[in-house]
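These notes are about the structure you will find just below.
The values are calculated or read from the model by the stated rules, or taken from the named source; none is laboratory data. What you see is a predicted model; the values in this text were computed from it and never measured. Cβ: placed from backbone, ideal geometry, glycine included. Neighbour counts: every protein chain shown.
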Amino acid sequence: MDRLKEIEKRLAEIKAELEKDGADIDALEEETKNLIAERKELLDKIEKRNKIISDITAGAGNPIPGFMPIPEEKRAAGFTRESPEYRSAFLKHLRRIELTDVEQRAFTTVAGSAGAVIPTTTQNRIVEIVKQYAPLLAEINLMQVPGGVKVPVEDVVNEATKHSENATITVSDDKLKYVDLFGYEITKLLQISKSVMQMSVDAFENWLANNLGRSLAAKITSLIIGGSGNGEAKGIDTITWNEANSVTVGAAASLAVNDVTNLIGLLPGGYDANAKFLMSKKTLFTDFMPNKDSSKHDLVTREGNQYYIYGYPVMLDERIPLHEAILGDFRAGYYGNMPEEINVVNQFDIDTNSYKFLGAGMFDGKPALPNAFVKLKKAVSAG
């Protein structure tokens, strides 16, 4: 539909506008809400129309003179993960609700012998929620390579040298290292009572996507920051911090402007342009906010909902310990891989008279270039 294309185009334009300085955040937020609501209404109408058509072709309505019903094998051949019939069938199947004839054919056609796979619309909705609640995921260098990937990363690159005519050219000792990324399973178990399982397909999908998406987002973010690397992704905080890449504030001292400028000075210039701060909201407001520079200007500035420290954007996440902050180029320095799509399986728990849903995904990540990050931390009190 032309209107759907117009909405998608405008949403893409808004996304680009939000990245510009001086964007009217409130106005763009309101326009985005209206466009998303209109898009949902149009998609609902399309789904309703397709359902009516399916019911008619399945014999649910009276045959119209002059029209022959579509042969069943052709209808079945058209069912895919994108089909509204399969979406409805999958979400009903999870709740063990009886399927209509059309839904059963869609489910059998798509699932086949390999088993049920999550519908594309549901998958996209979960991913949308994950991205919303794990903004750090958008900042790293994220790949989706099935089975794993070996990523080449520049470790040391020497400068080009001057060459004199007829002189022998020697090979410089440039180094290329590889980062192996595979996939460790991350799961979330959801539980819902049998009495509320009769909610509509749309309501159930929203409940599933929101709860599963938010939980997976929290876990992935925790792994990017502090994963141990033992049977799970390796986080940025596993970098060896020392005087060359970190600034330590005294245990009894308050953060000073010099601490911040010294930290910025430690970050190699090649990572400066795309660097961002990462800290908790409490650290921003209790440690950074009270400070002013030598010209009595606030150390922290704000444009719309975005905070800045000396021009570097600030990302907020409560998983960063209080009084700590990381500054770095997250896209250059951290690589991640999600080799498989998220999927959901169900089980009825007779003891609690409830349904359990297990959402599972795969994620691996590593700090590929540790020197792309510097850290501000507070000394531990001896007492």
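Worth pointing out:
- Residue list for segment 272-325, restricted to those being among the hydrophobic types (A, V, I, L, M, F, W, C) and assigned to a loop (DSSP other than H, G, I, E, B): Ala273, Ala275, Met289, Leu299, Ile320, Leu322
- Here Ala209 does not fit the description of being loosely packed, with under 13 Cβ neighbours inside 10 Å and either assigned to a helix (DSSP H, G or I) or in contact (Cβ under 8 Å) with a residue 60 or more places away in the chain (or both).
- Within segment 309-326, considering residues that are under 21 Å from Leu216 (Cβ atoms) and among the hydrophobic types (A, V, I, L, M, F, W, C), the one surrounded by the most Cβ atoms within 10 Å (Cβ to Cβ): Ile320
- The one condition in (1) surrounded by fewer than 22 Cβ atoms within 10 Å (Cβ to Cβ); (2) of a type in the set (Phe, Trp, Tyr); (3) farther than 29 Å from Gln123 by Cα that Phe277 fails to fulfil: (1)
- Any pair with Cβ under 9 angstrom, 6 or more apart, that starts in segment 9-22 at a residue that is surrounded by 13 or more Cβ atoms within 10 Å (Cβ to Cβ) and ends at one that is among the hydrophobic types (A, V, I, L, M, F, W, C) and in a helix (DSSP H, G or I): Arg10/Leu35; Leu11/Leu35; Leu11/Ile36; Ile14/Leu28; Ile14/Leu35; Glu17/Leu28; Leu18/Ile25; Leu18/Leu28
- Close pairs (9 angstrom Cβ cut-off, 6 or more residues apart or separate chains): in the same structural domain as Lys292 (by TED's automatic domain parsing) and part of a loop (DSSP other than H, G, I, E, B) in segment 242-256, surrounded by 12 or more Cβ atoms within 10 Å (Cβ to Cβ) and among the charged types (D, E, K, R) anywhere: Asn245/Lys375; Gly250/Lys378; Ala251/Lys378; Ala253/Asp259; Ala253/Lys378; Ser254/Asp287; Leu255/Asp287; Leu255/Lys378
- Here Val201 does not qualify as in the same structural domain as Pro146 (by TED's automatic domain parsing), at pLDDT below 90, surrounded by 15 or more Cβ atoms within 10 Å (Cβ to Cβ) and within 25 Å of Val149 (Cβ to Cβ).
- Exactly one residue out of Ala89, Ala134 is outside the structural domain of Ile36 (by TED's automatic domain parsing) and of a type in the set (A, V, I, L, M, F, W, C), and it is Ala134.
- The criterion of being farther than 30 Å from Ile126 by Cβ and touching a Lys or Arg at 6+ places or on another chain (Cβ under 8 Å) holds for Leu327.
- Test: residue in segment 59-79 that is within 27 Å of the chain's Cα centre (by Cα), modelled with pLDDT of 70 or more and surrounded by 11 or more Cβ atoms within 10 Å (Cβ to Cβ): no
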